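These notes are about the structure you will find just below.
Every number here is computed from the coordinates shown, using simple stated rules; none is lab data. The structure displayed is predicted, hence computed values, not measured ones. Here the Cβ is made from the backbone with ideal geometry for all residues, glycine too, and neighbour counts use every protein chain on show.
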Amino acid sequence: YESTVGKLYWGRQYLTLEFFQLLAKSDFVENLCFLLARKDGGSFPMKAEDIFAGTFNVVKDGVFYGRYWGCLPGYEVQNLHFETCYWSAIEYCITHGLKRIEPGAGGSGM
């Protein structure tokens, strides 16, 4: 999130560390869906150092809301944003029987 917001001249970081800490302690955490890109497919159990990109999403009332994307500097991979934010999100929705996806700012329901 920070890496993406920092790259955009119009970007504003309004989700703070405190926001994420409070969110982690709340019941709303059950509605979160993270789609992640890991180095070399990563290992199990998943390690934070294997993750280099991902999306922060909300799933509520049968709708997938895609919201925030980030990728660490130096890991720019062609089509990674599209794969993580759209194709993986669509696959998640199909797998979990969700009827609608709202891909994020400027997107329309599909």
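Can you run the Rg to Rh ratio on the stretch 17-110? Use alpha carbon positions and the Kirkwood inverse-distance Rh.
0.97
What nm distance separates the two modelled labels at residue 77 and residue 91, each placed 7 Å from Cα along Cα→Cβ?
That separation, rounded to one decimal, is 1.1 nm.
On full extension of the chain, what length is gained from residue 100 through residue 60, given 0.36 nm per residue of separation minus the C-alpha to C-alpha distance?
Here the segment from residue 100 to residue 60 would lengthen by 13.3 nm.
When the chain is fully extended, how far beyond the present Cα-Cα distance does residue 43 get from residue 68, taking 0.36 nm per residue of separation?
Value of the extension gain: 6.6 nm.
I'd like to know how the stretch 45-87 sits against the 2.2 N^0.38 Å rule of thumb: what's its Cα Rg over that expected value?
1.31
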